[in-house]
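S.K.: Structure below; questions to follow.
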Amino acid sequence: MQRLYKRYVVTSPVIQADIKQTLLVRGSKAQYATLEKQFQHVMIYYPDYAYIFFWRINKLGYRWRFLFMSDLPCKLFRSTEIAGGLMCYHPYATVINAKSIGRNFQFRNGLTIGNKGNDNNQLPIIGDDVTVGAHVVIIGAITIGDQVTIGAGSVVVKDVPSHCVVAGNPARVIKRL
């Protein structure tokens, strides 16, 4: 684990932001430890973080990954640009294919983000500080603003403004923040 830390974590502010966000959101006391101890903690106790880590370093087939995580049926497309602070809770049955996703993105299981009509020019753009509930579908060339919460089970097919909560099928603004 020390080799992974030295090779990838020390040199990557994006991976460091993922670690810090995971510990902060989960309320872990490890957030006050050194970065190396933080990395060890998230790799040992949060297999969903381990999945994100191996995705970030493009080593989902890493031969020792079984020590940190079991197989998670989750797909993050390599073409998706995701800023630091990525956080997932139980990423099972998740597919993410977006143009870009901003800082501090949080999601739960069953999330589908993708193109419309199998056209990769029709991909969503997601802003900073977006939280997505379980079993949400986000499809098409749409933009989701900053500081948005998307309720569980929502289907988002139109642009979403910043600073709001959306829910429903189709999703609509139910509260402005």
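S.K.: Scan the stretch 100-126 residue by residue and report those that are touching a residue at least 40 places away in the same chain (Cβ under 8 Å) and surrounded by fewer than 18 Cβ atoms within 10 Å (Cβ to Cβ).
M.R.: ARG103, ASN120
S.K.: Tally up the residues in the stretch 139-177 that are closer than 13 Å to GLY127 by Cα and without any contact (Cβ under 8 Å) to a residue 40 or more places away in the chain, please.
M.R.: Result for the stretch 139-177: 14.
S.K.: Given the conditions (1) modelled with pLDDT of 95 or more; (2) touching a strand residue (DSSP E or B) at 6+ places or on another chain (Cβ under 9 Å); (3) in a loop (DSSP other than H, G, I, E, B), which single one is not true for ASP146?
M.R.: Failed condition: (2).
S.K.: Hey, does the stretch 37-46 have a residue that's surrounded by fewer than 15 Cβ atoms within 10 Å (Cβ to Cβ), touching a Phe, Trp or Tyr at 6+ places or on another chain (Cβ under 8 Å), free of Cβ contacts under 8 Å to residues at least 60 places away in the same chain and over 25 Å from VAL130 (Cα atoms)?
M.R.: Scanning the stretch 37-46, I find at least one residue that is surrounded by fewer than 15 Cβ atoms within 10 Å (Cβ to Cβ), touching a Phe, Trp or Tyr at 6+ places or on another chain (Cβ under 8 Å), free of Cβ contacts under 8 Å to residues at least 60 places away in the same chain and over 25 Å from VAL130 (Cα atoms), so the answer is yes.
S.K.: In addition: Output yes when any residue across the stretch 138-149 is surrounded by fewer than 17 Cβ atoms within 10 Å (Cβ to Cβ), farther than 21 Å from TRP55 by Cα and of a type in the set (Val, Ile, Thr), and no when none is.
M.R.: The answer is yes; a qualifying residue exists.
S.K.: Continuing with the same structure: Which condition does ALA17 not pass, out of (1) within 15 Å of the chain's Cα centre (by Cα); (2) modelled with pLDDT of 95 or more; (3) open to solvent by 80 Å² or more (accessible area, probe 1.4 Å), if it passes all the others?
M.R.: Among (1) within 15 Å of the chain's Cα centre (by Cα); (2) modelled with pLDDT of 95 or more; (3) open to solvent by 80 Å² or more (accessible area, probe 1.4 Å), ALA17 violates only (3).
S.K.: Going by the structure shown, is ILE174 exposed (fewer than 15 other Cβ atoms within 10 Å of the Cβ) and more than 20 Å from TYR89 (Cβ to Cβ)?
M.R.: yes
The values are calculated or read from the model by the stated rules, or taken from the named source; none is laboratory data. What you are looking at is a predicted structure, and each value in this text was computed from that prediction instead of being measured. With ideal geometry, Cβ positions are generated from the backbone for all residues, glycine too; neighbour counts draw on all protein chains shown. Each accessible area value is taken on the protein alone, full model and side chains, heavy atoms only, with ligands, DNA and RNA left out. Shrake-Rupley method; radii C 1.70, N 1.55, O 1.52, S 1.80 Å.
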